[in-house]
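Below you'll find the structure, written out as structure tokens, and then a few comments.
The values are calculated or read from the model by the stated rules, or taken from the named source; none is laboratory data. No experiment lies behind these values; they were computed from the predicted model shown. Cβ placement follows ideal geometry from the backbone for every residue including glycine, while neighbour counts extend to all protein chains displayed. With ligands, DNA and RNA removed, areas are computed over all heavy atoms of the protein, side chains included. Shrake-Rupley method; radii C 1.70, N 1.55, O 1.52, S 1.80 Å.
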Amino acid sequence: MSPRHPRVVGRRAVLKGMSLSALGLGGALAGCGIPAARQDAGSCVSTDQSAQQKTLNFSNWPSYMDESEEKVNGKTVLPTLEDFQKQSGIQVTYTADVNDNAEFYAKVRDQLGSCQSCGRDIFVLTDWMAARMIGLGWIQKLDRTKIPNVHQQLLKQLKAPSWDPNRDYSVPWQSGLTGIAYNAKVTGEVKSFTDLLGRDDLKGRVTLLSEMPDTMSFMLKLVGADPGKFNDAEWSKALDKLQEYVGSGQVRRFTGNDYVQDLNAGNIAACEAWSGDVIAMQADNPDIKFVVPEEGLMLWSDNMLVPNKATHKGNAEALMNYYYEPEVAATLADWVNYICPVQGAKKAMETVDPDVVDDPLIFPDEATLAKTASFMALDTAKAALYETDFNLAIGG
């Protein structure tokens, strides 16, 4: 049985808040006022050399791959990736250089915007940025026949996002939930966002997330709107609701995942939280509880994408298919502690790590997944407008 691996700096630790400048939805995405250049498959043709070249350049987030506790020649060993290389004969250059969606966008925008290689065959980005790049025509269409495991094993709740309804361009790497966490040592159960933001005993002892889609999804729910499909009037109503809670002093502050320290220490009683963080906290503090709010949960994914001009698309598809083998997926999930998007992985986990089989934050049941929603995909102009609204409301 492998040990638990709380991540000090990991996937969500680097998302410290999606301000307009951090997201790049104003300046960075537009590139000093110059619109991002769109491409299409007809004019930006990519040639696959996978049959002749057994190599693959893979960019991912820090601490998002299983690691061995022992080093070999001073280097960290990545067991599942090592096994893939042995089985496939494909040599993978793996780099954990996706530290922020917008920062990574800035690294590759000039190349992809002008139909040039960005030096990577596969990278992993969060839903909103995956949607943006697909919309710009920067991502290659996948060959379904080469990734049968994905289409057989992908959780049904992840099969048809609005921005890639047939999963023609994207494959989830890992997923997560946004809900509520509370410290049972300092407060009783917090069952809903109505509780979190309405109870007098929690006034000034609550934090919300500084990521606009997360927090505004729940504000939209509180005003009776669907975060997956809403209009400007509903957005304004939800924004007014947020400003009301900020003005009343109910919300102590807006955070990235630095809420972890305050919740553990009892400095706050409850907060909006990400599921993977809570698993890591619970390893050391059983008083930390994760709640499925009565309003429901938000579900998000980080997605594998093959950019234009990548010359090893077939090799990338082989890797995607490999990570959807249930035992491989279970091994990865046991280390990273996020929702495994592979249906058969729960059964495989009985062998990999029986202690994790019933962890609802890695393998949420159908009833839990039925309560999830995803934030509506926004075009660049709308996203910039909404980010400005949000930042003004939270005092950012």
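Condition check ((1) open to solvent by 40 Å² or more (accessible area, probe 1.4 Å); (2) at positive phi; (3) of a type in the set (A, V, I, L, M); (4) free of Cβ contacts under 8 Å to residues at least 12 places away in the same chain) across all residues:
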{"residue": "T80", "(1), (2), (3), (4)": "no, no, no, no"}
{"residue": "D83", "(1), (2), (3), (4)": "yes, no, no, no"}
{"residue": "N99", "(1), (2), (3), (4)": "yes, no, no, no"}
{"residue": "S114", "(1), (2), (3), (4)": "yes, no, no, no"}
{"residue": "G119", "(1), (2), (3), (4)": "yes, yes, no, no"}
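Contact annotation: residue pairs with Cβ atoms under 9 Å, 6 or more positions apart or on different chains, pairing a residue in the stretch 381-396 that is under 14 Å from Y245 (Cα atoms) with a partner that is β-branched (V, I, T), are F390/T215; A393/V246; I394/T215; I394/V246; I394/V251; G395/V246.
Exactly one residue out of T215, T194 is open to solvent by 10 Å² or more (accessible area, probe 1.4 Å), in contact (Cβ under 8 Å) with a residue 24 or more places away in the chain and assigned to a helix (DSSP H, G or I): that is T194. Scanning the stretch 252-279 for residues that are within 19 Å of M219 (Cα to Cα), surrounded by fewer than 24 Cβ atoms within 10 Å (Cβ to Cβ) and in contact (Cβ under 8 Å) with a residue 60 or more places away in the chain yields F254, T255, G256.
Name every residue in the stretch 224-263 that is part of a helix (DSSP H, G or I) and touching a helix residue (DSSP H, G or I) at 6+ places or on another chain (Cβ under 6 Å), in order of residue number.
Residues of the stretch 224-263 part of a helix (DSSP H, G or I): 232-248, 259-263.
Matches in the stretch 224-263: A238, L239, K241, L242, Q243, Y245, V260.
Pairing residues of the stretch 353-368 that are under 20 Å from Q157 (Cβ atoms) with residues that are among the basic types (K, R) and in a helix (DSSP H, G or I), at Cβ distances under 7 Å and at least 6 apart in sequence or on separate chains, gives V357/K346; F363/K346. Residue pairs whose Cβ atoms lie under 8 Å apart, sitting 6 or more positions apart in sequence or on different chains, and linking a residue in the stretch 51-71 that is open to solvent by 70 Å² or more (accessible area, probe 1.4 Å) to a partner that is part of a strand (DSSP E or B) and at pLDDT 95 or above, are K54/Q91.
Filtering V171, V206, V246, V186 for residues that are of a type in the set (A, V, I, L, M) and under 29 Å from A333 (Cβ atoms) leaves a single hit, V171.
Of N321, N315, which residue is open to solvent by 10 Å² or more (accessible area, probe 1.4 Å), assigned to a helix (DSSP H, G or I) and among the polar types (S, T, N, Q)? So that I can check it myself, show each step before the final result.
Working: N315 fails: open to solvent by 10 Å² or more (accessible area, probe 1.4 Å).
Going through N321, N315 in turn, just one is open to solvent by 10 Å² or more (accessible area, probe 1.4 Å), assigned to a helix (DSSP H, G or I) and among the polar types (S, T, N, Q): N321.
Summed over the stretch 338-380, the residues that are modelled with pLDDT under 90, open to solvent by 80 Å² or more (accessible area, probe 1.4 Å) and in a helix (DSSP H, G or I) give a count of 1.
In the stretch 293-306, is there at least one residue being in contact (Cβ under 8 Å) with a residue 12 or more places away in the chain and surrounded by fewer than 18 Cβ atoms within 10 Å (Cβ to Cβ)? Reasoning before the result, please.
Kept after step one, since they are in contact (Cβ under 8 Å) with a residue 12 or more places away in the chain, are these residues of the stretch 293-306: 293-306.
Now drop any that are not surrounded by fewer than 18 Cβ atoms within 10 Å (Cβ to Cβ), which leaves 294.
Yes, because at least one residue in the stretch 293-306 is in contact (Cβ under 8 Å) with a residue 12 or more places away in the chain and surrounded by fewer than 18 Cβ atoms within 10 Å (Cβ to Cβ).
If you check N183 against the conditions, is it open to solvent by 50 Å² or more (accessible area, probe 1.4 Å) and on the phi < 0 side of the Ramachandran plot? No; evaluated as a whole, the condition is false for this residue. Applying the criterion of being over 18 Å from the mean Cα position of the chain (by Cα) and either surrounded by fewer than 22 Cβ atoms within 10 Å (Cβ to Cβ) or without any contact (Cβ under 8 Å) to a residue 40 or more places away in the chain (or both) to the residues of the stretch 124-139, the residue that is nearest to K313 (Cα to Cα) is G137. So, of the residues in the stretch 142-163 that are open to solvent by less than 20 Å² (accessible area, probe 1.4 Å) and modelled with pLDDT of 95 or more, which turns out to be farthest from H312 (Cα to Cα)? That would be L154.
Among residues belonging to the stretch 66-123 that are part of a helix (DSSP H, G or I) and more than 27 Å from N308 (Cβ to Cβ), point out the one that is nearest to the chain's Cα centre (by Cα). If you could, list the steps in order and put the result at the bottom.
Step one: of the stretch 66-123, the residues part of a helix (DSSP H, G or I) are 79-88, 101-113.
With the extra rule that they be more than 27 Å from N308 (Cβ to Cβ), the set shrinks to 79-80, 82-83, 86-87.
On the way: P79: 23, T80: 21, E82: 24, D83: 25, K86: 29, Q87: 28 Å.
Only one residue fits best here, namely T80.
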